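The values are calculated or read from the model by the stated rules, or taken from the named source; none is laboratory data. Here the structure is a predicted model, which is why all the values come from computation and not from measurement. Cβ coordinates were reconstructed from backbone atoms using ideal geometry, including for glycine residues, and neighbour counts include every protein chain displayed. Protein only, heavy atoms only, side chains kept; ligands, DNA and RNA dropped before computing areas. Shrake-Rupley method; radii C 1.70, N 1.55, O 1.52, S 1.80 Å.
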Amino acid sequence: MAQFKSAFFAFPSEPAELTNPIATAVELVKSNPSLRLQAWPQLQIFGAAIPDEVRGGIEKANVLVCDITKPNLNVYYETGYSIGLGKSLAPVLNASFANATADIQRDGLFDIVGYKAYENSHGLADILDDLPSTVLVDLYGKPLNTHQPIFFLNSCRKTDFVNWVAASIKGSKVFYRSFDPAENSRFMIIQTISDVTASAGVVIPFLEPYVDDSERHNIRAAFLAGLAQGLGREALLIRHRTKDAAPAAADFRDYVVGVRSEAEIVEKVTAFCKQTLIEAQSIKQPNVHVSRSALQQLTLGATAAENEFRTLEDYFVATSEYLKTSRGEAGIVAGRKGSGKTAIFFMVRDHFRKQRNSIVVDLRPESHQLSLYKSELTKILDVGTFDHTIAAFWYFVILSEVLLALKKALEYQVSRRSEVFTHMNEINDALYRLEISASGDFTARINRLGSYVVEEIKARADKNEKLSPEKLTNIVFRSGIADAKRLVVKHSAKIEHFIFLFDNIDKGWATDGVDELDVRMVRLLLESLEKVKSDLGVENRDFIFVVFLRNDVFELMVSETPDKGKAAVVRIDWTDRVKLKQVIYSRLQASVVNKAKSFDDIWNRFFVDEVNGRNTFDYLVDHCLMRPRFLIAIIEAAIANAINRRHEKVSEDDCIDAVKQHAHSILNDFGYEIRDVSGASEKVLHSLAGATEYITKVEVLERFEKAKIIAPKDEEKLFDYMLWYGVLGVVNENNVECYIYDFEYNMNRLQAEISTQKDEPLYAFNPALHVALKTKGSP
């Protein structure tokens, strides 16, 4: 006999084409004795608070049925709320609505969890007769992360409002983790459950409709708000209150805090973060009565290093690239997205922080307005004065951040050495004259400086004042840079090393591709760092710097720079499967009680031996484009599939489905990555949908032309990018697929391989992407 279930049905109030089949299906299942189903319109809401009644209906049920055909803030909030309460989830979708399935797959929220599709009331009634009993929070909940107790929902577009929120969290000194759609476009329920259960508080900004991608962001925000409240976590729902702002969704309208200014944001966010630390002491671990399987306890850590920097040391693999950087032998660390640049950034930072008499300046802007700054300058300055102004800008930024770091180092000594108080006052006076505020974060400081410089130059240009290089220098330096340099030298006699680390310079760049001026800004940054190194070296001060760059941006810089520069370069290029195996081994070992003697020992404990006749680990590596972040994400997805299906081991199907899920997730990510350097549409890979596994160059170019994703004159260059990123490889004379990582990422060597083909070369789609591009049903 079927187990009795009580269910609550959440769905949008319109359109009628969606609600009518739902209403009919609800009536059809009334005769089912093992199911009591209540749809939200059936609630006794006359004269009552609708949100309270809806939450009450969810609380009384043990299953939530949610229709996800049309994105709806209330439905997504209720979905998250029910999961947080420990209810089972049954997502349904009306497949007769155009693009409904594609929209769900694009966002990735229901990856792994899955949903069922219907086309009419009878199809929906059949689904309602057999509802699930899985409790997701029991399966995927994680222990509280006391190292980084705040979780922050970032946005694709880094507006001032979002940047202020992020800066306020940083300013509170409470460490946080985040979801950033600019880094990972898939916002999956499984990962979100893990993140929120591991958090003491969640900061959720809501965006106004005019902001690009606001609809998708607010859907994520609504789900996250419901999940946090269902779990009983502290949640700050915050939005920028404007004159014409529409009211928030009914379910959570009363919880949203409106703010008008940066000062209000700092006040609200700072108070919330501090309160969260207090609340963290009373949080009980969720569902401690549930017996957790070995797979449920298994974790590989976060795919993004910024979300695990407090625990990264537990399983970080000290590669030769890291060792060179930590010895100060690298001025540039270049690697593709997901290759581990940021992990090296954090580990190198921590390495130098442990050294006595060292001052570390670590800069990772969440975003910046350098593209806007650049474009405004080009309107009023010629090329020569542009370079001069940017060089001065960077010199000022570097030296002022060093002075600020020196001030913070002296603050720790004030209580022990009275003379330090005088030194502090000297530095504070200099920072005041330079209009550098210690409050806020580097993102805010660099944006304020850029705005100031542009406004000053415009004001003088409006007065027809001729702007000589000397005048431009004075505008940027504010006539105080010499004093700043003097104070750095004066108060650093006992400092052996200044270490300057800069990551995320590409954050905030324009979406239409990296242009020549962007590359020049990077080159001028490196030249300014060399100048600071030289200037401090004259005073016997050791200045070590490392700039972390995406490999594609570095390649553009090298190709456009006659003088390749003095900075030594460390490239993070993953070609060795053994090294990737070591990364996974270290992470698995850190999460198990019974340590393994070897990789095979721990891997075989949790995974089947083969997938499609190939060693399981090698099969997964085949689909990761040789990027550690991708490999970690695929393995985590395979583990999640196994948990959701109640498997004791990760099975062949779990791995195959994980590969498919990840392929869909990186289609957009890769599109954005290629767009950044080529200027092509982010839908570049979608133009290849339905292509066979092997394809000719002519066929690829025809698809580019048909999709109109780039100017015809740039199609050949875009094809080369397909090779450079590993989207395409060449099939050699031995019928072996060769990708750029098979030639140590040497594009010239790959081109040489192509030129050896006697006939028209045949190109292969990388299996990591083709599985999401091939026509459904094809082998």
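Along the charge dipole of the chain, which of VAL731, LEU529, SER339 sits closest to the positive end, that is, farthest toward it, with unit charges on the beta carbon of Lys, Arg, Asp and Glu (+1, +1, -1, -1)?
Comparing the listed Cα positions along the dipole, LEU529 ranks first.
Under a 1.4 Å probe, what is the accessible area of the chain per residue, stated in Å²?
For the chain, the per-residue accessible area is 43 Å².
Can you give me the relative contact order of the stretch 160-251 as a percent, contacts being Cα pairs under 8 Å and 6 or more apart?
After rounding, I find 28 percent.
May I ask you to list the GluC sites (Glu not before Pro) in the stretch 29-130 that are in a DSSP loop and have at most 14 other Cβ atoms within 10 Å of their Cβ?
Filter output for the stretch 29-130: GLU119.
Can you list the residues of the stretch 687-712 with backbone N under 16 Å from a point 7 Å past the Cα of ARG614, pointing along Cα to Cβ?
Inside the label zone: 693-694.
Identify, among GLY230, PHE421, LEU773, the residue whose Cα sits farthest towards the positive end of the charge dipole of the chain, taking +1 on the Cβ of Lys and Arg and -1 on the Cβ of Asp and Glu, with the dipole about the Cα centre.
PHE421
Could you rank LEU556, LEU64 by how accessible they are, 1.4 Å probe, largest area first?
The ranking, largest first, comes out as LEU556, LEU64.
What angle, in degrees between 0 and 90 and rounded to the nearest 10, separates the Cα long axis of helix 262-280 from the longest principal axis of the Cα atoms of the chain?
60 degrees
Scan the stretch 654-745 for GluC sites (Glu not before Pro) in coil per DSSP, keeping those whose Cβ has at most 12 other Cβ atoms within 10 Å, and list them by number.
GLU733, GLU744
Two decimals is fine: what's Rg over Rh for the stretch 337-487, C-alpha atoms, Kirkwood radius as Rh?
1.03
Express as a percent, rounded to the nearest 5, the fraction of DSSP beta bridges in the chain (both residues included) that run antiparallel.
Antiparallel bridges make up about 15 percent of those DSSP assigns within the chain.
What number results when the radius of gyration of the chain, computed over Cα atoms, is divided by 2.2 N^0.38 Å?
Dividing the Cα Rg of the chain by 2.2 N^0.38 Å gives 1.01.
Report the one residue of ILE283, LEU295, VAL361 whose Cα lies farthest in the direction of the positive end of the charge dipole of the stretch 263-365 (charges on C-beta: Lys and Arg +1, Asp and Glu -1; origin at the Cα centre).
Of the candidates, VAL361 comes out farthest on the positive side.
Return the sequence-ordered ³J(HN,Hα) values of the stretch 572-581 in whole Hz as given by the Karplus equation 6.51 cos²θ - 1.76 cosθ + 1.60 applied to θ = phi - 60°, using x for Gly and Pro.
9, 10, 8, 10, 9, 5, 5, 5, 5, 5
Cα axis of helix 160-171 to longest principal axis of the chain: angle in degrees, 0 to 90, nearest 10?
The helix 160-171 is inclined about 80 degrees to the chain.
Taking the Cα centre of the chain as origin, work out the dipole magnitude from +1 charges on Lys and Arg Cβ and -1 charges on Asp and Glu Cβ, in debye rounded to 20.
My answer is approximately 2320 debye.
Output the 0 to 90 degree angle, nearest 10, between the alpha-carbon long axis of helix 50-60 and the longest principal axis computed from the alpha carbons of the chain.
Taking the Cα atoms of the chain, the angle to 50-60 is about 60 degrees.
Can you list which of the chymotrypsin sites (Phe, Trp or Tyr not before Pro) found in the stretch 366-413 are DSSP loop residues with at most 14 other C-beta atoms within 10 Å?
Here the chymotrypsin sites (Phe, Trp or Tyr not before Pro) that fit, given the DSSP loop and packing criteria, are TYR412.
What part of the accessible area of the chain, given as a whole %, is carbon or sulfur when the probe is 1.4 angstrom?
The value for the chain is 49 percent carbon and sulfur by accessible area.
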